[in-house]
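In what follows, a structure is listed as structure tokens, so that the remarks can point back to it.
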């Protein structure tokens, strides 16, 4: 093993960790929604792509960089997520899984194809000066945009963690997630809490989308891939577990980057799906999830 | 079955048999699509509608079936009627692995669905890198114009129409027989409550295994038909999640667990698809067809969540009891 | 104790170190109706679940007619001849009443037409025949309880385990159910073990009563003996009057 190889391995791992933070933020949205409402958001990748397009449009039309645009995207996503939950998803909470699946599939189809109709099939890129900058960490060279994206993702995750542990609404949401009936009995407005939760989940994925535009070009066809990626991450980390989603994001980020280094590029996600199968079978609650009492 | 329903069915079957003489090329191609979705929907419905197991990875079985039969024909000239046995065997083996792992480790609902997706994706990437089947570049069957060779499934749309019609009718009859058998009844009981079913003597694991094996076998046959009809196969599409989802739509929209739901759903979906394609071409906006489609799905799931067929059947006076 | 239809010997169960049932032994002779009573959380349903094969015992054995059935899967226990109802009724909600019971009957009669006839006969006896085409989810609670019993009976068991089938019934409905079970027992010799809180039913049906508390058997005897048993009065009946 040459030191060249070790260096490129370290380079790949660090790149994977940084990208993995953004993946983690995206998956956090899916995990929070499932953890609280037991609804699987089959439109998650589509929402991510909408976030990416909004960030791109802000840059393309108004010269707002994705980092500055991020809070706007997050707020908008929160509002739309809140409304979507109230208007469309709430009646489906108690319905069978296949109906929820069909509903969110329809929502996802609409979102992805609205992007296609508005922005066309070509890939869109945000050109930033910082994309040529890098930080040096000993022998490692880290892309500046990637570092920024990871730091922001981590900061948002930290804020979210504070929200769920320190604020009244956050604690109520956790209470409603643990015990739906109990929350109703003590008089929590579960519908509102669900809407807030969906809003937060949407804001996470919107923010992750804005960050992602600084790393890769956006096309409408990324949507399905990201929905799958988010599933893989949350299952590996533990569906419904916040730290699990972040950890899963890092794990998948690193495994993709390392697999990309060692294997043919086309084989790299095989590893992720293999990991998903192993985790589903041996630890279906995920690496950090709690066992559900069914 | 009421006399009225029997007459209606006989008339419909006669019409379908006469269809190639009545329809032009376009009409026939649409009808072929309808029957294809009805058939694969029927196969998927056995898993979800009867036994209550949500599979979102059925492209795995269709893809394997198509690739095995097409590969055998392409490399060794082994005709599809023989190759279909290998195709079905491989798909049933794959289904048994997915089923055994999923059911043994008691994955339910979404978790089971994700397992099925994972296996399909895993296989997709494998085929992307397998030279025997052409890798990501695809596998192509030679197209010979004007030849009708039923033994090798080489021919025009009319031949493929009759094959898929026979398959669709056969699957309907098979499902009806299954529902009137002990196995079918046991599936329904498992769908409703597996633990209570086991308490009245239902061997739950074995029944679920039979469901996935029968469903995978039927789906593999669809895959073979599909490969020889379109003459090309790409891992990117054959094993895609989109392909799996496509198979679930007709039975969900038509009415899960009903016998005619997959047919009605296939008519609704393909009909809407064709209308939207025409409208989309006129509007010339990319994705507009899918947007119409999304809206239609949304409206159906919001206002007819149990499916179109139970509602329609009540209207027409052929009440099919939802088993 | 040979000749017992059901025999529990030193039966115990722990969940993650927590002792739910400890060293419970008793037997039910063929053709008898016995009751299992005790305060909530005493381990009665856990005992049922061990008999029915839902839980494998941590210690001891369950035998049916001298054949060991503990450790078998629930469907095999059913095949051996044990029918059971669930404390919280679990009908196949989306199926008709007739189809619910037919599912049970299919176990011994694989042909659908025969199973359906057998199911219909049971429904008639329980007074549910006129509701046979209704979906199970549309039944009232008393009817759901009857359906639960009908479905278990359809498997043609030698031993029927009834888990609080009287709970939630009005006194007149309790009397109807008691009459039905008594007649059935008299006609077919069906052995019954029932978990019951409704003392009126216990008194009317059971020849012997086993009392459990905190997972252990504390008393066994005829209903009359049990109501005079000091330990039972202390832990179970407390200040309450026995009906």
- prompt: Between rounded, prolate and oblate, where does the stretch B:1-116 land on the alpha carbon gyration tensor, with a ≥ b ≥ c its root eigenvalues, rounded for a/c under 1.5, else prolate if a/b exceeds b/c?
  reply: oblate
query: For the residue pair residue C:19 and residue B:282, what label-to-label distance in nm results when each label sits 7 Å from Cα along the Cα-to-beta-carbon direction?
result: 8.0 nm
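Cα gyration tensor of chain B, axes a ≥ b ≥ c as square roots of the eigenvalues: rounded (a/c below 1.5), prolate (a/b > b/c) or oblate?
Here chain B falls in the rounded category.
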message: Could you tell me how many cubic angstrom of Cα convex hull volume the stretch A:188-294 has per residue?
response: 131 Å³
- prompt: If the chain between residue B:177 and residue B:142 were fully stretched, how many nm would it gain, using 0.36 nm times the residue separation less the Cα-Cα distance?
  reply: 8.8 nm
Residue of C:39, C:91, C:74 that the Gaussian network model of chain C assigns the largest fluctuation, springs spanning Cα pairs under 10 Å: C:39
- prompt: Percent of alpha carbon pairs in chain A separated by more than 26 Å?
  reply: 43 percent
query: When all C-alpha to C-alpha distances in the protein assembly as shown are sorted into bins of 10 Å, what percent of pairs does each bin hold, rounded to whole numbers?
result: 2, 11, 19, 21, 19, 14, 9, 4, 1, 0
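Taking Cα atoms of the stretch A:87-158, Rg/Rh with Kirkwood Rh, to two decimals?
So for the stretch A:87-158, dividing Rg by the Kirkwood Rh gives 1.21.
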query: Which whole-percent values make up P(r) of the stretch C:85-156 when all C-alpha to C-alpha distances are grouped in 5 Å steps starting at zero?
result: 4, 21, 33, 26, 13, 3, 0
Label point distance in nm, residue B:97-residue A:118, each placed 7 Å from Cα along Cα→Cβ: 4.3 nm
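Can you sort B:234, A:132, B:260 by how many other beta carbons sit within 10 Å, fewest first?
Listing B:234, A:132, B:260 from fewest to most nearby Cβ atoms yields A:132, B:234, B:260.
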message: Taking every alpha carbon pair in the stretch C:157-223, what does the distance histogram look like in 10 angstrom bins from 0, in percent?
response: 19, 53, 26, 2
message: Per residue, how big is the convex hull of chain C when only Cα atoms are used? Give it in Å³.
response: 123 Å³
field: Estimated distance in nm for a label pair at residue A:72 and residue A:162, the labels positioned 7 Å out from Cα along Cα-to-Cβ
entry: 2.5 nm
message: Classify the stretch C:1-65 from the C-alpha gyration tensor, please: rounded if a/c falls under 1.5, else prolate or oblate depending on whether a/b exceeds b/c.
response: prolate
query: With a 10 Å Cβ neighbour count serving as the proxy for reagent exposure, in which order, fewest first, do A:80, B:163 appear?
result: A:80, B:163
Ranked list, fewest to most other Cβ atoms within 10 Å of each Cβ, for A:191, A:168: A:168, A:191
field: Potential lengthening between residue B:22 and residue B:78 on full extension [0.36 nm per residue; Cα-Cα distance subtracted]
entry: 16.7 nm
message: Could you work out the relative contact order of chain A? I mean the mean sequence separation of Cα pairs under 8 Å and 6+ apart, divided by the number of residues, in percent.
response: 38 percent
message: Please compute the average number of Cβ atoms from other chains found within 10 Å of each residue's Cβ in peptide A:151-157.
response: 0
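Here, each number is a calculation from the coordinates, and none is a lab measurement. If you're wondering where the values come from, they're calculated on a predicted model, not measured in any experiment. Positions of Cβ are backbone-derived with ideal geometry, glycine not excepted, and every protein chain shown enters the neighbour counts.
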